[in-house]
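Shown next, in structure tokens, is the structure this report addresses.
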Amino acid sequence: DEASLVDDKPYVFIIDEINRGNISKIFGELITLIETTKRSGKKECISTKLPYSKEEFTVPDNVYIIGTMNTADRSIALMDTALRRRFKFEEMLPDYDLLKDIFVEDRGTKVNIGAMLKVINERIEYLYDREHTIGHAIFLELKESNNIDKLENIFKKSVIPLLQEYFYEDYEKIRLVLGDDGKDNETFQFITKVKLKPQELFSSTFGLEETMSYAINEEAFTNIESYRGIFPSN
């Protein structure tokens, strides 16, 4: 309603995952009217006729539109050029400062969540790319409940599934991200591995070689040492 937006107070519309939407259905004729130079009171102001009231409509200058998107989403590459021309883009990387005061402590051992996420993301960037780093938001709930049960749930329900998707179940890389390759004690490894020997599985082993089998270690998620072990050993 244009009449309610005539004051100087800013009005903000947020469209989540805008790159996944049908832009023509979201904006319609407004895709032109939202341009800065086409707003109400501007020299190049453009109006459109509302389909029901038949009144002339323009977009006020105090209306702001924010569209969010995930850079890991491959659909960004095909994003509508109309959006690219009309929106300014601001990258929002994981903010470790928001987690710097969050510690999870159990059995006398503390783990700084911000520092832990930074280590994980640096490894993801090295093994994959910076667009797939894990956001800080999934750990923010630890501000209110910073116990190991909550951390276990975050890793099981969010971190591990993300890594499985990123690396397409390349568990060697997932182990590297989680520091499992540097943990001597298998109890603390989130992903454990064992050798599969063909001579123990088949009557004939011609042309068969040893391979590795991987499993998610449920016990590791409940032990604070598993998370402390994510940090590189000096």
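The values are calculated or read from the model by the stated rules, or taken from the named source; none is laboratory data. Keep in mind that this is a model prediction, so the values were computed, not measured. Virtual Cβ from ideal backbone geometry, glycine too; neighbours counted across all protein chains shown. In case anyone asks, the SASA skips ligands and DNA or RNA and just uses the protein heavy atoms, side chains included. Shrake-Rupley method; radii C 1.70, N 1.55, O 1.52, S 1.80 Å.
Which residue, 143, 38, 156, tops the fluctuation ranking in a GNM of the chain built on C-alpha contacts under 10 Å?
38
Skipping prolines and chain starts, which residues have an amide H placed within reach, meaning under 5 Å, of the one on residue 128, given they are 5 or more residues away or on another chain?
Sorted by chain and number, the residues that satisfy this come to none at all.
So, how do all the Cα-to-Cα distances of region 80-143 break down into 10 Å bins, in percent, from 0 on up?
Percent of Cα pairs in each bin: 19, 38, 26, 13, 3, 1.
Output the Kirkwood hydrodynamic radius of region 147-191, Cα pairs only, in Å rounded to one decimal.
11.0 Å
Among the listed pairs 9/54; 43/88; 110/183; 150/195; 88/143; 150/193, give every one whose C-alpha distance is greater than 24 Å.
Where the Cα-Cα span goes over 24 Å, the pairs concerned are 9/54; 150/195; 88/143; 150/193.
Which whole-Hz ³J(HN,Hα) couplings does region 114-126 yield from phi under the Karplus relation 6.51 cos²θ - 1.76 cosθ + 1.60, θ = phi - 60°, glycine and proline marked x?
3J(HN,Hα) across region 114-126, in whole Hz: x, 5, 5, 5, 4, 4, 4, 5, 5, 6, 4, 4, 5.
Over region 138-209, calculate the relative contact order: mean separation of alpha carbon pairs under 8 Å at least 6 apart, over the residue count, as a percent.
Dividing the mean separation by the residue count of region 138-209 yields 15 percent.
With the Cα gyration tensor of region 171-216 in hand, convert its eigenvalues to equivalent ellipsoid semi-axes via √(5λ) and list them largest first in whole Å.
27, 10, 7
Please report, largest first and rounded to whole Å, the three semi-axes of the ellipsoid equivalent to region 150-234, where each semi-axis is the square root of five times an eigenvalue of the C-alpha gyration tensor.
28, 14, 12
Can you tell which of 147, 22, 70 shows the greatest fluctuation in a Gaussian network model of the chain with Cα springs below 10 Å?
For the chain, modelled as a Gaussian network with Cα springs under 10 Å, the answer is 22.
Relative contact order, percent, of region 83-175 when contacts are C-alpha pairs under 8 Å separated by at least 6 residues?
The value is 24 percent.
Do any trypsin sites (Lys or Arg not before Pro) in region 91-142 lie in a DSSP loop with no more than 15 other beta carbon atoms within 10 Å, and if so, which?
Here the sparse-neighbourhood loop sites are 100, 107.
Between exposed chymotrypsin sites (Phe, Trp or Tyr not before Pro) in the chain, where DSSP calls loop and at most 11 other Cβ atoms lie within 10 Å, what's the longest gap?
Counting only loop sites that pass the neighbour cut-off, the longest clear stretch is 90-167.
Just from its helices, what would the mean residue ellipticity at 222 nm be for the chain, if runs of 4 or more DSSP H residues each count -39500 (n - 2.57) and the sum is divided by every residue, rounded to the nearest 500 deg cm²/dmol?
It lands at -6000 deg cm²/dmol.
So what is the relative contact order for the chain, in percent, with contacts set as C-alpha pairs under 8 Å and at least six apart?
15 percent
Provide the per residue accessible area, probe 1.4 Å, for the chain, rounded to a whole number of square angstrom.
65 Å²
For the chain, what percent of Cα pairs sit more than 30 Å apart?
Above the 30 Å cut-off, the chain has 48 percent of its Cα pairs.
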